[in-house]
Every structure is written in C-alpha cells, then in structure tokens.
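These notes concern the structure reproduced below.
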Amino acid sequence: MSDTVWVSFEQVTKRYGSTWANRDINVSFAPGQIVGILGPNGAGKTTLLRQLVGLTRPTSGTIRVFDRPVRPGQRWVKNLIAYLPQHPLALGDLTVEEAILTSARLRGRLLADAQQQTRTLLEDLDLTSIRTRLVGSLSGGEHRLAGIASALAAPTPVMALDEPTNELDPLMRRRVWDLIQALKSPDRLILLVSHNILEAERVLDRVVILHQGTVHYDGSPAALRQDAGDVLTVTITLNDPALDVVRDLADHHLVWERQNQTYTFTAPRPVALHLLAHWLKQSGHIASVTVNEPTLEDAYLVLRQKWAPESSSEERTRS
C-alpha cells in the first residue's frame, strides 16, 4: 500500500440543526486499498461520502482529494471520483444501456471503449435482457444493478460506493463483490459503505467504523477481531420456547439474530460459556448448539456493545 494520501478528511464536522452527522472526522486514505466504512444506522456514513463528492458541504473542516479542497459543484471531483449513491440514479429517462454508456463517456472514455465496457457490464450483471428499458421503470434490484454498472463504467482513481449490494439477491451480490475485488489496483482507492459486513469482509483491506458521527475504529479486519477480544459466536436452536433466551441476552446487553427458534449471538468467551451452562442445565429445552470463532461482523458487534452497552441489546434482522 502506498504512503501517498489521496483523500483526507481534516476536522470535518457536519451538523443538521442540533444533530451531529459527522463530528471532528480526521482520517486519510491512500491508493491500493478497499476500505469499508461501517457503523450503525445514523452513524454518518452516507453523509461522509456525500461530502467527499461535493453533494453536501461540511459545517466545518476540509476534505481534500489529491490535495485539492473539495467544494460543491466542482467538475473536477466528478472526473476523479465515481460515486454510487444509496438512492436511485438521476438518469431515469435513459435506457439502461444509455445510462451506462453516458456515464462512461462523461468520465472521458472514448466512444468505442465506452461501448465495449457497456456491453461487458450488461453481460456481467445480467442486464442484457433489460438494456432497452428506461431506468425509471426498473424494479429496486434492477435499478441498483444499473447504478452499479454506471459507477463501474469508467473506473476512476477514487470510487465511493454507498451500499452497493442493497436490494440484490445472493447470487448477484456475490457477482458485485467479485467486480469490486477485480477493480482493486495500486492506482485506485475504493471506499464503500455496507451493512452487509459478512459479505464485504472478503474484499476489505481496512475498516473505518463510525459511531455517533465520530471515528471509533480505524485498522485492518484482523486487528478489529483482535481488539474485540476473546469472543465466541453461538447459535442455539430451541425445541421448547419456554426457555427465555431473549431475557438472558438482554440482561447481558447482547445483540442477537433470530430465525424462528434459532438464536445467534456473539459474546466474550466467559459470558458465552456462562449462558450456555445456564441453558443446558434446563434439560429438554435445547435442540442444538454450535460454537464458532467470530467473523468480522461478529467482532464489530462486540465492539459496538462496548461503545454503547446500555443501548446495544437488540434483535437484528438476518440478511
């Protein structure tokens, strides 16, 4: 990884009235990285990317791209940063093929090159059959794929991707992650926001976690797992709903996922073993138990519990 800084946030703060979206953000990024910007809803992830591409002005502080300060409306920013917004494209009156081709041409690709790239992306993302449909008429998942194709049509030195796999089925999510991984280069910086940490983990070189608008963690996925400490991920399936698993998890301020009578949670090893011993004493209630080492998502959840223990007990929806 290069030591050269391509993107920097210097004391960046964004306020909406009395609400802090970002607060004193100091972080810089070099080429050759795929960086995951993670955090709970409302942590300020999307706001950070919107300020980077000049769609939102910081309340204070400076954002630099190649040492040039970013301000709203500057054309040069669009030439250097390909941006995939969280919400639909503004190219609703174009066909899918036209939207991809136009995006490539606007970023400087020659016509023949842009046409070839458009054909490739239509095939890679299974968009060929809808290439003549207007973007504005597409379903949510189709719209997302058209947006991804437009962002990837002319890869720029910096790419900012906000929730690239939202609304996509598992097969297409895998294809998108493969395309993002293939874009990694010593001469490119990719910043992405994703709630799907489990899937994003395989492409990330670095993780920046925002919590309540500030940077709470910045480092490698491996270091994040280490910082989470000695933890275990437990999946327990009940054959008797009388066992009050939810109460016990909430009492320990844990985050869990539930699917029917199956619960999954991550906790410090002593806590996990204590709960298992407690539940196993009540014979006949448990159908199965599995215990695993944590994923990146598990480690993130453990650290989030440490940052806000009184507010982190919750049931999460399984993706």
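Please treat every number below as a calculation from the coordinates, not as lab data. Predicted model, so just to flag it, every value in this text is computed and none were measured. A quick note on method: Cβ atoms are made from the backbone with ideal geometry, for glycine too, and the neighbour counts reach across all protein chains shown.
Here are some notes:
- Spin-label pair ASN239-LEU280: with each label point 7 Å from Cα along the Cα-Cβ axis, the two points sit 1.7 nm from one another.
- FRET efficiency for SER185 and LYS306, using Cβ-Cβ distance with R0 set to 30 Å, rounded to 0.05: 0.25
- Among GLN116, GLN259, GLN181, residue whose mean-square fluctuation peaks in a GNM of the chain (springs only between Cα atoms under 10 Å): GLN259
- For the pair ARG269 and ARG64, the difference between a 0.36 nm per residue extended length and the Cα-Cα distance amounts to 69.5 nm.
- Dipole of the chain computed with +1 at Lys/Arg Cβ and -1 at Asp/Glu Cβ about the Cα centre; of THR102, VAL234, LEU138, farthest Cα towards the positive end is THR102.
- Remark: the range 131-208 is approximated by an ellipsoid whose semi-axes, taken from the C-alpha gyration tensor as √(5λ), come to 22, 15, 10 Å, largest first.
- Modelled spin-label separation between ALA90 and ALA112, with each label point placed 7 Å from Cα along the Cα-to-Cβ direction: 3.3 nm.
- Of all segments of the chain bounded by trypsin sites (Lys or Arg not before Pro) found in a DSSP loop with no more than 13 other C-beta atoms within 10 Å, the longest spans 1-280.
- Convex hull volume of the C-alpha atoms in the range 228-316, normalised per residue: 82 Å³.
- Diffusion constant of the chain at 10 °C, which comes from Stokes-Einstein with the Kirkwood Cα-pair radius and 1.306 mPa s, µm²/s: 75 µm²/s
- Across the range 1-156, Cα-Cα distances exceeding 24 Å account for 42% of all pairs.
- For the chain, a crude dipole built from +1 on the beta carbon of Lys and Arg and -1 on the beta carbon of Asp and Glu, taken about the Cα centre, is about 1040 debye to the nearest 20.
- Rg(Cα) / (2.2 N^0.38 Å) computed for the range 48-109, rounded to two decimals: 1.26
- Residues of the range 41-85 with amide N under 13 Å of the 7 Å Cα→Cβ point at THR4: 66-67
- The range 100-139 and the range 188-212: distance between their alpha carbon centers, rounded to Å: 26 Å
- Under the convention that each Lys and Arg Cβ holds +1 and each Asp and Glu Cβ holds -1, the size of the dipole of the range 183-282 around its Cα centre is about 140 debye.
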